[in-house]
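FYI, it's all coordinate maths here, none of it is from the lab. In this text, all values refer to a predicted model and were calculated from it rather than measured experimentally. Because the Cβ atoms are built from the backbone with ideal geometry, glycine has one as well, and the counts that use them run over all protein chains shown.
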Ligand SMILES: NC(=O)c1ccc[n+]([C@@H]2O[C@H](COP(=O)([O-])OP(=O)(O)OC[C@H]3O[C@@H](n4cnc5c(N)ncnc54)[C@H](OP(=O)(O)O)[C@@H]3O)[C@@H](O)[C@H]2O)c1
């Protein structure tokens with residue numbers, strides 16, 4: 001399949017996990033890619049893995065990095081972007097007693113402020129009929145105390161997508177959310193969860209998922225690519241869950 005031949009797509013947080021799997025799938029389907037990351041070693045590994053992609057460091061936690069992102073996008077796609085996947089994210093699950101302002105600010109900066117300001121700044125660069133994709137979380141709507149801060153930000157993403165979808169509809173730009181359940185990436189290591197704790201957590205969740213396993217990055221990448229493709233030209237303001245059926249229960 002070459003659904004993305006001659007298509008120019010920007011993905012944030014594409015140097016690991018879901019973003020990287022999406023970049024690899026898009027590259028296989030012919031896309032030209034501008035990818036962002038944060039860790040120098042992950043950026044270098046992604047350059048090796050996807051030699052035709054442009055991979056840049058861009059810290060989503062920093063407001064000034066948005067100007068750099070826009071400049072890089074203009075340079076990469078002077079005639080416009082076909083798609084933008086604002087995927088970079090961070091999550092650290094903590095007991096309520098351990099929530100402090102720094103914990104809230106870090107999640108806010110990366111998980112909510114960045115995608116909102118990036119979507120706003122990048123919209124003029126997206127072609128009419130182009131795609132914008134945000135990423136939510138299956139933790140939203142649950143009642144776990146330890147995901148309070150992370151889930152609050154991801155709930156904001158659902159709202160942001162609806163507002164952007166409405167605003168950009170006159171240009172034919174579709175804005176949607178892909179919402180993974182627990183997916184096997186470096187996300188929980190980054191958030192400070194130890195190896196044994198992750199193993200137990202993943203086993204426990206796998207036992208609750210109707211399809212009997214947790215997600216792989218490629219599971220989410222396939223749906224992200226659908227929402228970035230022409231097959232989703234009449235889908236906007238939607239949220240597509242990729243969680244093996246967990247949240248239908
Ligand atoms: N894994 C799950 O269970 C799960 C479930 C629901 C939703 N999600 C969401 O899925 C998205 C991708 O997560 P993942 O699971 O693929 O995790 P991941 O493997 O940790 O990947 C996160 C990506 O975001 C980048 N990133 C992190 N902080 C950044 C920052 N300050 N500036 C720029 N980039 C930054 C990372 O860059 P480097 O690697 O270069 O540092 C990496 O490319 C996130 O938005 C997450 O909230 C994940």
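Using only the alpha-carbon atoms, how far is helix 217-228 inclined from the longest principal axis of the chain? Give it as 0 to 90 degrees, nearest 10.
40 degrees
What percent do you get for the relative contact order of the stretch 8-242 when only Cα pairs under 8 Å and 6+ apart count?
22 percent
Past the 20 angstrom mark, what percentage of all C-alpha to C-alpha distances in the stretch 32-153 do you count?
49 percent
Rank the residues 105, 24 as a footprinting-exposure proxy: fewest other Cβ atoms within 10 Å of their Cβ go first.
105, 24
Can you give me the angle between helix 17-28 and the longest principal axis of the chain, using Cα atoms only, in degrees from 0 to 90, rounded to the nearest 10?
The helix 17-28 is inclined about 30 degrees to the chain.
I need the peptides 197-205, 8-16 ranked by packing, meaning the mean over residues of other C-beta atoms within 10 angstrom, with the highest value on top.
Result, highest mean Cβ count within 10 Å first: 8-16, 197-205.
In degrees between 0 and 90, to the nearest 10, how far off the longest principal axis of the chain does helix 40-49 point, with axes built from Cα atoms?
Roughly 60 degrees, rounded to the nearest 10.
If you take the C-alpha gyration tensor of the chain, multiply each eigenvalue by 5 and take the square root, what semi-axes do you get, largest first, in whole Å?
Largest first, the chain gives 27, 19, 19 Å.
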